[in-house]
Amino acid sequence: MRATLHLSLGAVALAVLSACGPGFTLTLPDRFVTLTDDPSLRDGRYEMRSTTSDGVVVGVQALEHRVDGSLTFWSEAVADRLRDQQGYALLGEEDVTAASGERGHLLRFGRDIEGHAYRYTVALFVTPSRIFVVEAGGREAVYTALEADIERSIRAMRF
Amino acid sequence: MANRFAWGVALAAGCLAGPACGGGYDAWAQTREPGYGGASGAHAPAAVSAGAPADYGDVDEGRYELPRPEREASPRYAQAETPPRAEPTATDGRQGPLLIYTAQIGLAVHQVSDKQDRVEALAREAGGHLHRRTDAEIVIRVPAGRFEQVLAAILEVGDVLSRDVSVQDVSEEFRDVETRIRTLEAMYARVTRLLEGATNVEHALSVEQHLERITLELERLRGRLRFLSDRVAFSTITVRFTERATVSPPRFELPFAWLRQLGLPSLLRLQ
């Protein structure tokens, strides 16, 4: 059973609870609006996506853990894929811990698209049954203003 | 016919005699411009300086003006005004190899314009210059003695995805070309003196044709020498901002679709 809570004023918080599916709580700054409830805006890969009016987007995927990959394995796979294959600049990375205690890893990237600088952040949390992939990105000028808040929200996630 | 044979023998003798018979070589040596001999490392000639882009491989007509027969015919030519001797370079008393350094760096595609500005500034600060700049690539030339320093600085500019540094030893080619130039210069001097002694128009025209062929070959060789000297004196660094997959065959890919779908286009495509 799945219940979706959507707060339209103030802080936007998402809690997707399921007895046998993916489950997480992510609270984003009040500049974000969630797109999860609108079927036309859903993307089959994302459990949720939220966006600001100026194009900073946060999305969460909850993937079944089909292979026994560690946090280190998936972090390296993500970094290799984005750097070596897609030309993203790895600007920094660090270990993070969710509010519910799960260990995660956060990678910060930069990439020019059509001459404009963008920022892209990927946070990974690996549980025994799921890989949670949190993505956040947008034009660098607007993203950097929200970067600290976004990363604070990621650290406050609960699984 | 006998006269033509005599001329041919004289020319062949001149070719075989080599520089020992060519008093003109010393005069030619006086016309070398600074940097003619090329340089390597810390011995880069003073004339090859910041803000002075070299002529990359093209024969510069104005800088190498061959003396015309009428000047060569004058016994006063060897004592005529000659340009001051070129600044001594590492290649004059040449010790050690002549090396051409080239580097190709792949940086991640982020803040490309700013990073290109930084690379260009590094080149100028080192006494080099911009050679070419496009949206995805910048090529700079820097004094050979500053190559490693500039390269190290560029590796700090952004996220380095690939690097390729090569060194080409052109010592043998350089000395071979120099030898051939000296030989031809001596031959030119001898043939010019033959022109002085031409007794009729037919002989003079024949000698002029030989002189023209020698001149063309000299200009070609000098152009080659200038090109090598420039490449030895100034190293080339190319910085590309591109996805690695476009530069070399794709690496091994993990069989997870979600990995391949990661990235800004998927995240930001809300429609």
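The values are calculated or read from the model by the stated rules, or taken from the named source; none is laboratory data. Only a predicted model underlies this, so the values are computations on that prediction, with no experimental measurement involved. Neighbour counts are summed over all protein chains in view; Cβ atoms, including those assigned to glycine, are modelled from backbone coordinates with ideal geometry.
In summary, B:E196 fulfils each of the numbered conditions (1) surrounded by fewer than 18 Cβ atoms within 10 Å (Cβ to Cβ); (2) modelled with pLDDT of 85 or more with the single exception of condition (2). Of the listed requirements (1) at pLDDT 90 or above; (2) closer than 30 Å to B:A123 by Cα; (3) part of a helix (DSSP H, G or I), B:V239 misses just one: (3). Does B:D117 satisfy the criteria of being surrounded by fewer than 18 Cβ atoms within 10 Å (Cβ to Cβ), within 14 Å of chain A (Cβ to nearest Cβ) and part of a loop (DSSP other than H, G, I, E, B)? Spelling it out, it is not the case that B:D117 is surrounded by fewer than 18 Cβ atoms within 10 Å (Cβ to Cβ), within 14 Å of chain A (Cβ to nearest Cβ) and part of a loop (DSSP other than H, G, I, E, B).
Is there a residue being over 30 Å from A:L107 (Cβ atoms), surrounded by 15 or more Cβ atoms within 10 Å (Cβ to Cβ) and touching a Lys or Arg at 6+ places or on another chain (Cβ under 8 Å) anywhere in the range B:157-166?
no
Filtering the range B:166-193 to residues that are of a type in the set (K, R) and within 15 Å of the chain's Cα centre (by Cα) leaves only B:R175. Summed over the range A:73-114, the residues that are facing another protein chain (nearest Cβ under 7 Å), of a type in the set (D, E, K, R) and touching a Leu at 6+ places or on another chain (Cβ under 8 Å) give a count of 4.
Looking at this structure, is B:R133 over 30 Å from A:R108 (Cα atoms), charged (D, E, K, R) and at pLDDT 95 or above?
Against the criterion (over 30 Å from A:R108 (Cα atoms), charged (D, E, K, R) and at pLDDT 95 or above), B:R133 does not qualify.
Going by the structure shown, is A:A79 surrounded by fewer than 19 Cβ atoms within 10 Å (Cβ to Cβ) and closer than 30 Å to B:R240 by Cα? For A:A79, the condition - surrounded by fewer than 19 Cβ atoms within 10 Å (Cβ to Cβ) and closer than 30 Å to B:R240 by Cα - is met.
Within the range B:238-258, the presence of at least one residue that is surrounded by 13 or more Cβ atoms within 10 Å (Cβ to Cβ), more than 14 Å from chain A (Cβ to nearest Cβ) and closer than 30 Å to A:D80 by Cα is confirmed.
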